[in-house]
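See structure below.
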Amino acid sequence: MITAVLVDDELINNSNLKALLNRHCPKINVIATTTNADEAKIQIMELKPDVVFLDIEMPDKNGFDLLKSIKEPNFDVVFVTAYDNYGIMAIKFSALDYLLKPINITELKKTIERVEQSVQVKKQNARLDNLLELLDKKHNNDSQKIALPTQKETYLVPVKEIVRCESSNNYTTFFLTNGSSHLISRPLYEYDELLSPYGFVRCHQSHLVNKTHVTSILNEDAGYLILDYTDQKIPIAKQRKSEVKSLLRM
């Protein structure tokens with residue numbers, strides 16, 4: 001069994017989530033519920049749960065404040081929120097799990113499957129650290145890291161070391177400046193959303209490139225981007241050519 005604590009400022013939300021977990025996720029054992037961050041901290045420190053289902057928006061102290069108050073958290077976290085805002089972007093950047101209210105049963109089951117794997121290998125803490133640093137804005141664009149969860153482990157990679165991303169169905173391959181690559185089981189459009197503020201350009205349905213590594217545009221066919229690593233040629237979709245040139249200012 002995986003022990004869980006539920007944290008939400010509305011009692012009805014805790015009750016609903018507990019009922020959903022009992023009905024659809026029998027491996028989750030809810031050992032406590034609470035409606036505020038201070039009480040949640042006490043319960044977490046005393047009960048040492050495997051996972052905390054944590055509401056983000058709460059009065060006085062929110063879910064992120066709670067995490068910041070706990071030194072070296074040794075539990076998994078699933079964020080639960082009704083708002084798709086900056087906090088969600090930071091959560092995605094750190095490859096952490098979240099559920100949007102009202103909770104979808106299919107998404108809940110998928111999340112619990114990932115929680116089971118994460119709890120087994122205890123790989124959460126580095127991603128939590130990355131999230132809190134993002135929220136505190138300790139990193140600028142040059143030092144920011146993104147979590148890349150592969151089948152074997154999760155890599156925290158500096159954004160500036162990503163040369164390009166390439167999609168294959170619902171998978172994305174990241175190519176780095178050191179010549180390595182990582183295959184991630186998430187679609188490219190998710191990373192387009194996350195990386196575009198960091199100077200990445202979607203030049204093609206299957207390609208996302210870091211514009212700092214673009215050296216020129218080759219005017220063959222619809223066009224190609226030439227990258228500074230091994231002179232790679234990345235195709236430009238015809239309908240995107242004007243937008244790409246504008247973003248690259250070429």
## Note on the structure
Of the listed residues (224, 229, 171), the one being within 22 Å of residue 89 (Cβ to Cβ) and open to solvent by 30 Å² or more (accessible area, probe 1.4 Å) is 171
## Note on the structure
When every residue in region 76-89 that is surrounded by fewer than 21 Cβ atoms within 10 Å (Cβ to Cβ) and aromatic (Phe, Trp, Tyr) is compared, the one farthest from residue 33 (Cα to Cα) is 86
### Query
Here are some residues: 48, 41, 61, 92. Which one is of a type in the set (Lys, Arg), in contact (Cβ under 8 Å) with a residue 24 or more places away in the chain and open to solvent by less than 60 Å² (accessible area, probe 1.4 Å)?
92
### Query
Taking the stated definitions as given, is residue 49 within 26 Å of residue 151 (Cα to Cα) and more than 20 Å from the chain's Cα centre (by Cα)?
yes
### Summary
Going through region 179-213 in order, the residues found to be among the β-branched types (Val, Ile, Thr) and either part of a loop (DSSP other than H, G, I, E, B) or at pLDDT 95 or above (or both) are 184, 201, 209
### Task
Could you please find all residues in region 1-56 being closer than 19 Å to residue 100 by Cα, among the charged types (D, E, K, R) and in contact with a Lys or Arg (Cβ under 8 Å, 6 or more places away or on another chain)?
none
### Task
Go through region 214-250 residue by residue and tally those that are within 25 Å of residue 170 (Cβ to Cβ) and either free of Cβ contacts under 8 Å to residues at least 12 places away in the same chain or in a helix (DSSP H, G or I) (or both).
5
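Please go through region 11-52 and pick out each residue that is among the polar types (S, T, N, Q) and part of a strand (DSSP E or B).
Filtering region 11-52 for residues among the polar types (S, T, N, Q) gives 13-16, 22, 29, 33-36, 43.
Within region 11-52, 29, 33, 34 qualify.
The values are calculated or read from the model by the stated rules, or taken from the named source; none is laboratory data. Given the structure is predicted, the values throughout are model-derived calculations rather than measurements. Quick reminder, even Gly has a Cβ in these numbers, built from the backbone with ideal geometry, and neighbours come from all protein chains shown. We work out accessible area using only protein heavy atoms, side chains counted, and drop any ligands, DNA or RNA first. Shrake-Rupley method; radii C 1.70, N 1.55, O 1.52, S 1.80 Å.
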